[in-house]
Amino acid sequence: MRVSRTLRVEVHETHVRATLDRPEKRNAIDRDLVDALHSLCAELEREPRTLILTGAGGIFAAGADIAQLRERRAADALEGINTHCFARIRALPMPVIAVVDGYALGGGAELAYAADIRIGTPALRIGNPETGLGIIAAAGATWRLREIVGEPLAAEILLTGRVLDAAEALAAGLVTQVLEPDEARAEAERIAARIAALDHAATQATKRALLAPRDAHPAIDLHEQAVLFESPEKERRMTAFLERKRT
Ligand code: COA
């Protein structure tokens, strides 16, 4: 299944895989791709499944489309074209896993930051060169990158445009594993399968709690738990544990 010319989508039992597929432009994220990502989000909001995000051609994404960015004006900036798209991906009910191979720059990096779990490859080059283009990284990096790697490194990446390699990204926790591309994709599928075996309601509640602002805690945790404590699936899973046969 393909939701657009540049976004290839495959639906699997445990996950949906979406591949940015515009290698001739290094998977630069243009308006069509943003629209396609919104359509994909609409599907995943209707029928929640873990999303695996990847890029074709040994690249994740070389950023927002600079040809389109150059034409945008103040009103376009305020519309938050990429910002809202990535926020919607971030807020998807089930986890999002990014397999980040090769370049993930600018908006491409911000798309990766919007994932819950990131797996890199040895070719990974990730960073935010926006200030060199006369703009800021306005699609999540100024706060999400800081949350992921902490203020000192986020400031360095955003203020200097320094691009991290795989080893640096791993050391910073920006990716949790570095694997060869095929193995990285296989690992993402294993993670999706593991998640699929867990209780979906509990996974979705955990994600909502993880994404909630600090001052929403602990009320949100208690509210989510209250709902789950009444669920037949919790009863079933706990009973299965307590009555399991010991060998
Ligand atoms: N937006 C629009 N087009 C882009 C693009 C982007 N972010 N990144 C690459 N392209 C296009 C190039 O213009 C080129 O198009 P052309 O063949 O019509 O001339 C094509 O993709 C190939 O790019 P090229 O630079 O020749 O590939 P490369 O493999 O030598 O280098 C990169 C790859 C990623 C290092 C380089 O393309 C790059 O620096 N891209 C911009 C990164 C950036 O600043 N991103 C932040 C944007 S917010």
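Packing around the peptides 125-132, 112-119, 214-221, taken as the average count of other Cβ atoms within 10 Å per residue, puts them in this order, highest first: 112-119, 125-132, 214-221. Scalar couplings 3J(HN,Hα) for segment 233-238, obtained by applying the Karplus form with A = 6.51, B = -1.76, C = 1.60 to θ = phi - 60°, are 5, 5, 4, 5, 5, 6 Hz; x denotes Gly and Pro.
Highest mean packing comes first when the peptides 95-103, 67-75 are listed by Cβ atoms within 10 Å, giving 95-103, 67-75.
When you restrict to C-alpha pairs under 8 Å that are six or more residues apart and normalise by the size of the chain, the relative contact order lands at 16 percent. Relative to the longest principal axis of the Cα atoms of the chain, helix 181-196 runs at roughly 40 degrees. Stokes-Einstein diffusion coefficient for segment 43-148 at 4 °C in a medium of 1.567 mPa s, Rh from the Kirkwood formula over Cα pairs: what value in µm²/s? For these conditions, the coefficient is 91 µm²/s. Which residues among segment 195-232 fall inside the zone where the amide N is under 15 Å from a point 7 Å beyond the Cα of LYS245, along Cα→Cβ? Taking a point 7 Å out along Cα→Cβ of LYS245, no residue of segment 195-232 has its backbone N under 15 Å.
Each peptide among 15-21, 152-158, 192-198 gets the average number of other Cβ atoms lying within 10 Å of its residues, and from highest to lowest they stand as 15-21, 152-158, 192-198.
Just to confirm a number: summing +1 for Lys and Arg and -1 for Asp and Glu over residues other than ALA137 whose beta-carbon lies under 10 angstrom from that of ALA137, what do you get? So the surrounding residues net to -1.
The alpha carbon centroids of segment 90-112 and segment 25-64 are separated by 9 Å.
Each value in this text was obtained by applying a stated rule to the coordinates, not by laboratory testing. On a predicted model such as this, the values are computed, not experimentally measured, just so you know. Please note: Cβ atoms are built from the backbone with ideal geometry, for glycine as well, and neighbour counts cover all protein chains shown.
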